[in-house]
1. Suppose only helical runs count, i.e. DSSP H with n ≥ 4. What mean residue ellipticity at 222 nm does that imply for the chain under -39500 (n - 2.57) per run, divided by all residues and rounded to the nearest 500 deg cm²/dmol?
2. Leaving ligands, DNA and RNA out of it, report the carbon-plus-sulfur percent of the accessible area of the stretch 159-203 at a 1.4 Å probe.
3. Taking a spot 7 Å from the Cα of A338 along the direction of its beta carbon, which residues of the stretch 23-42 have an amide N less than 20 Å from it?
4. Bin width 10 Å, alpha-carbon pairs only: give the P(r) of the stretch 358-464 as whole percents, running from 0 to the bin holding the largest distance.
5. Please compare each pair in K262/K351; K115/K461; K51/K253; K51/K183 to a cut-off of 21 Å on the Cα-Cα distance and tell me which ones are over it.
6. Not counting ligands, DNA or RNA, and with a 1.4 Å probe, what is Y418's accessible surface area in Å² rounded to the nearest 10?
7. V146 to S237: extension gain in nm, 0.36 nm per residue of separation minus the Cα-Cα distance?
8. For the stretch 144-183, with every protein chain kept in place, what is the accessible area per residue (1.4 Å probe, Å²)?
Amino acid sequence: MTLTEKLFIGGEWVTPDDGWYEVVNPATEEVVGFAPEASRAQVHAAAAAAKDAFAVWSRTRPEERAAVLDRAADLIQRESETYARLARAESGATTATARAMQVAVAAARFRRYAKGALEPVEQPLPPQISAAGPMGKAGVLGALAVRRPAGVVACITSYNNPWANPAGKIAPALAMGNTVVVKPAPQDPLSVYAMARALAEAGAPPGVVNVVTGSGPAAGEAAVDCPDVDMVSFTGSTAVGQRIGEVCGRTMKRQLMELGGKGAALVFDDADLDAAVRGIGTTFSFYSGQICTAPTRVIAHRAVYGRLVERLAAYASRLKVGDPAEPDTVVGPLISAAHRERVESYVELGKKEGARLAAGGERPPGCPERGFYTAPALFADCTSGMRVVREEIFGPVVAVLPFGDEEEGIALANDTDYGLIDYVWSGDAARAFRVAGRLRSGGVGVNTVGRNMEAPFGGFKRSGVGRDVGSYALHAYSELQALVWPG
């Protein structure tokens, strides 16, 4: 059965002005449902509803906001299997990924920010002795720095995780007392409407959460330039982020940008190669390589270069590519036919540039005839000037470069426009942390691709602006106000 959704504006389900568009299952090319095409006026109506709701929601007790977020987590957990099937159908994620990394993470984020709503927002500052002068008599001035909600937040989300990514924006924003207009990625928006239903059932007042969608950029553009929107939180490509930043700059809107990545994995000669291969191999399998944190540039010490390439090629060739509904599938489809063509064009480009294709790169045999599948690709003998090394492909493609000494490895890792997350594998902990400190990226994994979900997340350079995750997200969705008084 296919779903036909309506816009969610001011607590009401609203018929779209511009009709509906198809949401397609990347694994089968069948229609999953129909998402509404919001007009510009409807996006602005959603922002107006959020502005009206902000006056009350921003003044609710933190305990009330926490209770709503906790109940939303309960409801998502209760319907987790249904939601996981929906996520798999519209995003192409494997069953395991849809359950554990999409729906379960979304529930965990609502739970985390239910606690976050109760975190102190005041920071006492040292008193300051003020001498007599033009400003008045001598005295002692006390001060507090207080975090206040930013206002109406436009949350524009990515297609690679239709549950965890929106939850990571909505939950901390609501916890701080903001209201939101959510504009999901056009490829898989149905999960966000399900999330909105859970929040409404959990007691989020009308207008606190609004959802608008569109098949093209118009709905997102309307949200970004709307006068009632105070902040834009965006996850997506650097190119789109740059355009959003230009628009926000005209009216000084606050921004939180999590943009592209081209993560370097520095593998030293004393590294545990099996662990490194498993970590780098997540690029091939996790979200089918459609993840900005993936270690897509492998910079390997010449002493282990050949063995590492051989093991990565073997690892990639063992991964089952196919129907994400089957329990033994590791690599599902890419999100769309257009994106598959883009990834495949980079594979052809890599060959023309002179890189050696050590594994994959073709449409895998044995896959269903319909669906946007491609095999993981491994390029060896790359150089830093190649486009497959420099540009974000956002697919299951890894490029390997050799290095000699530590200085060369660091220089190669930093030779990029991006700086989201890099990785270091070494048996020498002192060297690993020394090298990590010189990498120009927002995060560094030392002998792991794991994430600590309280650590700040965001990028250097063209990988973004600002930090979120943990309490840092609460800071991101707030403004600092100074209170000063005579002691």
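The values are calculated or read from the model by the stated rules, or taken from the named source; none is laboratory data. On a predicted model such as this, the values are computed, not experimentally measured, just so you know. For neighbour counting, all protein chains shown are included, and Cβ atoms are generated from backbone atoms with ideal geometry for every residue, glycine included. All accessible areas refer to the heavy atoms of the entire protein, side chains included, with ligands and DNA or RNA removed. Shrake-Rupley method; radii C 1.70, N 1.55, O 1.52, S 1.80 Å.
1. Values: 15 runs with 181 residues, N = 487.
Value at 222 nm, helices only, nearest 500: -11500 deg cm²/dmol.
2. Values: 310 of 620 Å².
Its accessible area is 50 percent carbon and sulfur atoms.
3. 23-40
4. 12, 37, 33, 15, 3, 0
5. Values: K262/K351 19 Å; K115/K461 32 Å; K51/K253 15 Å; K51/K183 16 Å.
Pairs exceeding 21 Å: K115/K461.
6. Roughly 40 Å² of Y418 is accessible to a 1.4 Å probe.
7. Values: separation 91, 0.36 × 91 = 32.76 nm, distance 3.29 nm.
Stretched out fully, the V146 to S237 stretch lengthens by 29.5 nm.
8. Details: 470 Å² over 40 residues.
Accessible area per residue, the stretch 144-183: 12 Å².
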